[in-house]
Amino acid sequence: MAIRGSVLPVGDAGVLAVLGDAIDAKTVASVWSLLGVLKAALGDSVLDIVPAYSSVLVRFNPSATQLATVMAVVRGAMEVAGQTLDTASRRIEVGVCFSAECALDINEVAERTGLAPDRIVEEFCGSTYRVAFLGFTAGFPYMIGLSGRLDLPRLPSPRVRVPAGSVGFAAGQCGIYPRQSPGGWRILGRTSGLIFDPERATPALFRPGDIVRFHPVASLDDARANVTS
Amino acid sequence: MNGAAPSIEILDPGLFATVQDLGRRNVAAFGVTPSGAADWLSARAANRIVGNPQPAALIEATMTGISFKTLGTVLLAITGANAQLQIAGGKKSLWQSHRVRAGTDVKLSPAERGLRSYIALYGGIDVPKILGSASTDVAGAFGGLGRALAPGDIIKLNAPEKEIPEDGRVIRASARPFWRQPAVLRVLAGPHAARFAPNDLDFICAQAYRVSPRSNRQGVRLDGGPFRGRDGFDVVSCGVCAGCVQVSSDGLPIILLAEHQTTGGYAVPFTVITADLPDAAQLRPGDEVRFARVTFVEASVALGEKMQALSEALDESRPAG
């Protein structure tokens, strides 16, 4: 099996395994596999293991753990990791309200793609997404699987306040803002599901590997997220 | 008095004060920042001086000082930024423990040098641990009080397990941040160093940057000569940690601090060594800062020295003052 990539020190307190420089399903699957092997190998001896699209960061306490040890463990993990998709993937159905109040950028997206707003919603809800990793802000899922017809860059200037629950996309990715925050993605709609709750046993609704579908609902109150399997 | 849990009442929290400990772990994969004290050295030292475990929850105040009233007898120590401390109107030393009777006003003046102050109270602050830590996650609005401190907040302390220790304990100067100007932060290669030409890395190290007022607990933003490399600064988003020096799209560096976002899409040519993170956290707007490359061994020795200074016996011989 073994996965290819480079193992790089991040100062004296981190090691980054870089498995590629593309955002694609194959690289993401390698990341999940490496993540699983590293969790088993390092357990509680490090501070954090942080997956992203094409990399895994191990953060450790340099007073307690040697950089060379972590680098060796990461190299060893890459030898045994494969590219298997996580078999325990869950399916999550997310209801999205696409009303004018929630779909902040739909008219501009229509202008730039030449698709009518109805067609944008169809196109967006027609794709199946997978959560690659969580990052940016607590519980924010970075998803791949966006239709090529919605391939637009980030907003030239980020919004100061994106409302909580906003569903957006940019640069081939799709995501949901768990809380009101600044953000530069193009907002198509909104969900009222609780995406992150630090006091819940499992704080984040989404986790890497989840299979996500969106469907339109009439009002924001109905815009819930359901884990279906 | 054993058993009774004292508290303090915040009169003026200053610019920005939060409850922090040494931060969260095993949460970055949820997108949750580690948070925790930005200057880990001053926070650990403050707790050590009052006899708390080093990860005990304390207050991090910013720039303009803080004032509070004691409701019960407390033992406290304030570390970090240089500032005037007054207890019941009398001038007192930082980096030293003070036993304070109930109903006393404690006032820390605006910082003269440095930015962040740490107020440790014997027993530690009693707040629920969220995701394993008492630290306030300001953007996430959880941990600590779920927000920055406000006037009138009552901060409960844990009931002392034993008699409140005598005051007058001080910690060695080597367990304190440096206040050199310009500040020199020692750096190691970051994960994207190889994307930069050697000349480009030299360029960044040759600059004298100024700390921007847009800095916060997420990161220290620097102003100065923008870096104009041949390649873009964007990378595929990857995990980052405190100390990472990101070169943002305007060509200027940002040094990530404790409340950084968990992943970032800017190239990281350098990483500030763990031993110098306290100095980075104490930079204030307008301060001058330079980067100096060191070896891994130098980074390791520097950290070892600071940890050693923290663990050495405290000097109790100095008179309280």
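The values are calculated or read from the model by the stated rules, or taken from the named source; none is laboratory data. Here the structure is a predicted model, which is why all the values come from computation and not from measurement. Cβ: placed from backbone, ideal geometry, glycine included. Neighbour counts: every protein chain shown.
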For the range B:42-61, does any single residue satisfy the condition of being surrounded by fewer than 23 Cβ atoms within 10 Å (Cβ to Cβ) and either over 22 Å from B:K129 (Cα atoms) or not assigned by TED's automatic domain parsing to the domain that holds B:D153 (or both)?
no
Exactly one of B:L115, B:L149, B:L145 is outside any loop (DSSP other than H, G, I, E, B), under 30 Å from A:R161 (Cα atoms) and in the same structural domain as B:L15 (by TED's automatic domain parsing), and that one is B:L115
Any residue at all in the range B:5-25 that is without any contact (Cβ under 8 Å) to a residue 40 or more places away in the chain, touching a Leu at 6+ places or on another chain (Cβ under 9 Å) and in the same structural domain as B:P151 (by TED's automatic domain parsing)?
no
Give, as residue ranges, the strands (runs of 3 or more DSSP E) completely inside the range B:161-236 that count at least 2 residues that are within 14 Å of chain A (Cβ to nearest Cβ).
B:183-189
Can you find a residue in the range A:204-217 that is within 28 Å of A:G36 (Cα to Cα), part of a strand (DSSP E or B) and within 14 Å of chain B (Cβ to nearest Cβ)?
yes
The one condition in (1) more than 24 Å from A:V18 (Cα to Cα); (2) away from chain B (no Cβ under 14 Å) that A:L155 fails to fulfil:
(2)
With respect to B:T70, is the statement that it is assigned by TED's automatic domain parsing to the domain that holds B:G123, more than 14 Å from B:A150 (Cα to Cα) and either in contact with a Pro (Cβ under 9 Å, 6 or more places away or on another chain) or not β-branched (V, I, T) (or both) true?
yes
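Within the range A:131-176, can you find the residues that are touching a helix residue (DSSP H, G or I) at 6+ places or on another chain (Cβ under 7 Å) and surrounded by fewer than 20 Cβ atoms within 10 Å (Cβ to Cβ)?
Restricting attention to the range A:131-176, the residues satisfying the condition of being touching a helix residue (DSSP H, G or I) at 6+ places or on another chain (Cβ under 7 Å) are A:132, A:134, A:138-139, A:144, A:147, A:149-150, A:152, A:169.
Of everything in the range A:131-176, those that are touching a helix residue (DSSP H, G or I) at 6+ places or on another chain (Cβ under 7 Å) and surrounded by fewer than 20 Cβ atoms within 10 Å (Cβ to Cβ) turn out to be A:I144, A:S147, A:R149, A:L152.
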Considering residues of the range A:78-127 that are of a type in the set (S, T, N, Q) and modelled with pLDDT of 95 or more only, the residue surrounded by the most Cβ atoms within 10 Å (Cβ to Cβ):
A:S127
Restricting to the range B:93-108, and then to whatever is part of a loop (DSSP other than H, G, I, E, B) and surrounded by 17 or more Cβ atoms within 10 Å (Cβ to Cβ), can you tell me which residue is modelled with the highest pLDDT?
B:T104
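Filter the range B:129-146 for residues that are modelled with pLDDT of 95 or more and more than 17 Å from the chain's Cα centre (by Cα); which is farthest from the other protein chains (Cβ to nearest Cβ)? Give the derivation first.
Taking the range B:129-146 as the starting set, the residues that turn out to be modelled with pLDDT of 95 or more are B:129-137, B:142-146.
Next cut, more than 17 Å from the chain's Cα centre (by Cα) only: B:129-132, B:142, B:145-146.
Numbers: B:K129: 11, B:I130: 5, B:L131: 6, B:G132: 10, B:F142: 4, B:L145: 14, B:G146: 10 Å.
Here the answer is B:L145.
Quick check on this structure: which one of A:D24, A:D44 is touching a residue at least 24 places away in the same chain (Cβ under 8 Å), of a type in the set (D, E, K, R) and either touching a helix residue (DSSP H, G or I) at 6+ places or on another chain (Cβ under 7 Å) or within 12 Å of chain B (Cβ to nearest Cβ) (or both)? Full working, then the answer.
On the way: A:D44 fails: touching a residue at least 24 places away in the same chain (Cβ under 8 Å).
Criteria check complete, one pass: A:D24.
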Residue list for the range B:248-279, filter: assigned to a helix (DSSP H, G or I) and within 12 Å of another protein chain (Cβ to nearest Cβ)
B:T274, B:A275, B:D276, B:L277
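Scan the range B:128-148 residue by residue and report those that are more than 22 Å from B:Q54 (Cβ to Cβ) and buried (at least 20 other Cβ atoms within 10 Å of the Cβ). Spell out how you get there, then give the answer.
Kept after step one, since they are more than 22 Å from B:Q54 (Cβ to Cβ), are these residues of the range B:128-148: B:138-142, B:146-148.
Selection gives B:V138, B:G140, B:F142.
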Which listed residue, of B:F203, B:F196, B:F178, B:F227, is among the aromatic types (F, W, Y) and modelled with pLDDT of 90 or more
B:F203
Has the range A:191-211 got at least one residue that is surrounded by 21 or more Cβ atoms within 10 Å (Cβ to Cβ) and either of a type in the set (G, A, S) or touching a His at 6+ places or on another chain (Cβ under 9 Å) (or both)?
yes
For the range A:74-89, state whether one or more residues are within 14 Å of chain B (Cβ to nearest Cβ), in contact (Cβ under 8 Å) with a residue 24 or more places away in the chain and under 24 Å from B:C244 (Cβ atoms).
yes
Inspect all residues belonging to the range A:172-190 and state whether any of them is more than 14 Å from chain B (Cβ to nearest Cβ) and touching a Lys or Arg at 6+ places or on another chain (Cβ under 6 Å).
no
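Please indicate, with yes or no, whether at least one residue in the range B:33-51 is assigned to a loop (DSSP other than H, G, I, E, B) and at pLDDT below 95. Steps first, please.
Restricting attention to the range B:33-51, the residues satisfying the condition of being assigned to a loop (DSSP other than H, G, I, E, B) are B:33-39, B:51.
Applying the additional criterion that residues be at pLDDT below 95 yields B:51.
Scanning the range B:33-51 turns up at least one residue that is assigned to a loop (DSSP other than H, G, I, E, B) and at pLDDT below 95.
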